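*Asks:* Quick one: the structure is below, questions incoming.
None of the figures in this text is laboratory data; all of them are computed from the coordinates on show. Please read these numbers as outputs of a predicted model, since none were measured by experiment. Glycine gets a Cβ as well: all are built from the backbone with ideal geometry, and neighbour counts include every protein chain shown.
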């Protein structure tokens, strides 16, 4: 968030921070400074000159960018977040999830191939001794009942 440290807050913001997150007036600045560094742009707000940002703690901050003020804040729930994320952002997120799954499968297959490659020499040794044992004269005519 640009110039986040220069922002002030409205009385409404201060009240909402206290109601929703139990942030007292004397701890508000410290709490905001911690949040500012994790804010990511979410969308343009409902009013002119307002933008929404989301923090790493899943808190949405509504800011007046012209007055450089925090207007309100509220916790995110999945319905709220879905309403504020554009279709394009949802599409990008879904593409990211799909690509992540492909990478997981690819690297899983590589791990399986490496494991099998490590086992092949041991399997070959086992087969060698199994063939030797099977072809041994001592066991060819062996009958456990005699």
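*Asks:* Stick to the Cα atoms of the range 4-84, pair each with every other, and give me the Kirkwood hydrodynamic radius in Å at one decimal.
*Replies:* On the way: mean 1/r = 0.0793 Å⁻¹.
So the Kirkwood estimate lands at 12.6 Å.
*Asks:* For the range 87-136, what value does the Rg/Rh ratio take when both radii are computed over Cα atoms and Rh is the Kirkwood radius, given to two decimals?
*Replies:* Ratio of gyration radius to Kirkwood radius for the range 87-136: 1.51.
*Asks:* So for 68, 105, fewest C-beta neighbours within 10 Å to most, what's the order?
*Replies:* Ordered from fewest to most neighbouring Cβ atoms within 10 Å, 68, 105 come out as 105, 68.
*Asks:* Which of 71, 76 has the fewest other C-beta atoms within 10 Å, and how do the rest follow up to the most?
*Replies:* Placing the least packed residue first, the sequence is 76, 71.
*Asks:* Based only on other Cβ atoms within 10 Å, what is the fewest-to-most ordering of 29, 51?
*Replies:* Final ranking by Cβ density, sparse to dense: 29, 51.
*Asks:* Can I ask one more? Which peptide among 110-119, 17-26 comes first, and what is the full order, when sorted by highest mean count of other Cβ atoms within 10 Å?
*Replies:* Per-residue mean Cβ counts within 10 Å order the peptides as 17-26, 110-119.
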